[in-house]
Amino acid sequence: MNEAAFFNVDNTLINIESMFDFYHYWAEITENKDKYNSYIKNFKQDIANNVPRTIVNRKYYQEFQNQTLESLNDRANKWFENLLQKNPPLIHKTIERLNFHKKENFRIVFVSGSMKPLLEPLARYLGANDILCTTLEIENGILTGNILPPQTIGEGKHVAMKNYAVINNINLGESFAYGDDISDIPMLESVGNAVCVDPKTDLIKYAKEKNWEIL
């Protein structure tokens, strides 16, 4: 059997929220600042009202309804190039672990609620093998604004990893997973070696109870 190292992305490999950073960039280049401000206002209201993250994320992808996948990919690549030209938002201690696992011939897998157009440039840059993420619904090259299951948040990450392990003959008991948030617990519990990266207080407590590594 093979072994893998599964990485959450936002605040684990990079110190930004990829979805929101890209949305700001996209709104600027398309001159949709009013739409951006309206979305952020609604987003903050949803968070204050404890709207489930799965619903909040679905609303995010509706913002790209009627965009072409080609255009989205092009803008995502330019967004990532801009990030690298400024101060690359990499969390180096986690990148070091990623490179270590690569040398040990582990498969490097991103697991994220973000979308592939945003994650593929980083995967190429870091040499990741695969991406488990939100799948956009596309009809004739046009985004419908909907997403397809499983939604890779919370328990959905566990489902995606389990399916991936079956298809790729991965020994999850010998594999690693890296995450930063309590929502990553299903992902971290999917493997034999869980690592918490700069975890928030609620995850620190849980990690200590489980004797997980804190990076």
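Quick look at the numbers
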| item | result |
| --- | --- |
| Derived scalar couplings ³J(HN,Hα) [region 35-52; Karplus, 6.51 cos²θ - 1.76 cosθ + 1.60; whole Hz; x for Gly, Pro] | 5, 4, 4, 5, 5, 4, 4, 5, 4, 4, 5, 4, 5, 4, 8, 6, 5, x |
| Inter-label distance, nm, simple model (7 Å from Cα along the C-beta direction), L215/N99 | 1.3 |
| Long-range amide H partners of I170 with built H, under 5 Å | N2 |
| Over the chain: Rg over Rh, Cα atoms, Kirkwood Rh | 0.96 |
| Charge dipole magnitude, Cβ of K and R +1, D and E -1 - region 4-214, Cα centre, debye nearest 20 | 200 |
| Which of F6, F43, F110, F80 has the fewest Cβ neighbours within 10 Å, and the rest in rising order | F43, F80, F110, F6 |
| Folded to 0 to 90 degrees: helix 69-85 orientation relative to the chain principal axis, Cα | 70 |
| Distant-in-sequence amide H partners of R107 (H built 1.01 Å from N, under 5 Å) | E3, A4, A5 |
| Nearby lysines by direct alpha-carbon distance to K59 (threshold 27 angstrom, same-chain neighbours under 8 apart not counted) | K33, K35, K41, K44, K78, K116, K157, K162, K200 |
| Region 1-116 - Rg (one decimal) and Dmax (whole number), Cα, Å | 16.4, 52 |
| Residues V166, V197, sorted so that the one with the fewest Cβ neighbours within 10 Å comes first | V166, V197 |
| Dipole axis of region 51-118 (+1 Lys, Arg; -1 Asp, Glu on Cβ), positive-most option in M115, W79, I91 | I91 |
| Region 1-29 and region 62-89: distance between their alpha carbon centers, rounded to Å | 12 |
| For region 129-134, 3J(HN,Hα) per residue [Karplus equation, 6.51 cos²θ - 1.76 cosθ + 1.60, θ = phi - 60°, Hz, x = Gly/Pro] | 8, 8, 10, 10, 7, 5 |
| Segment R53-D74, length gained on full extension (0.36 nm per residue, minus Cα span) | 4.8 nm |
| Residue order, fewest to most surrounding Cβ atoms within 10 angstrom, among H101, H92, H24 | H92, H24, H101 |
| Mean separation of Cα contacts under 8 Å, 6 or more apart, over the residue count of region 4-214: relative contact order % | 24 |
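Quick note: the coordinates plus some simple rules give every number you see, no bench work behind them. Since the structure is predicted, the reported quantities are computational estimates derived from the model, not experimental observations. Note that we place each Cβ from the backbone using ideal geometry, even for glycine, and neighbour counts take in every protein chain shown.
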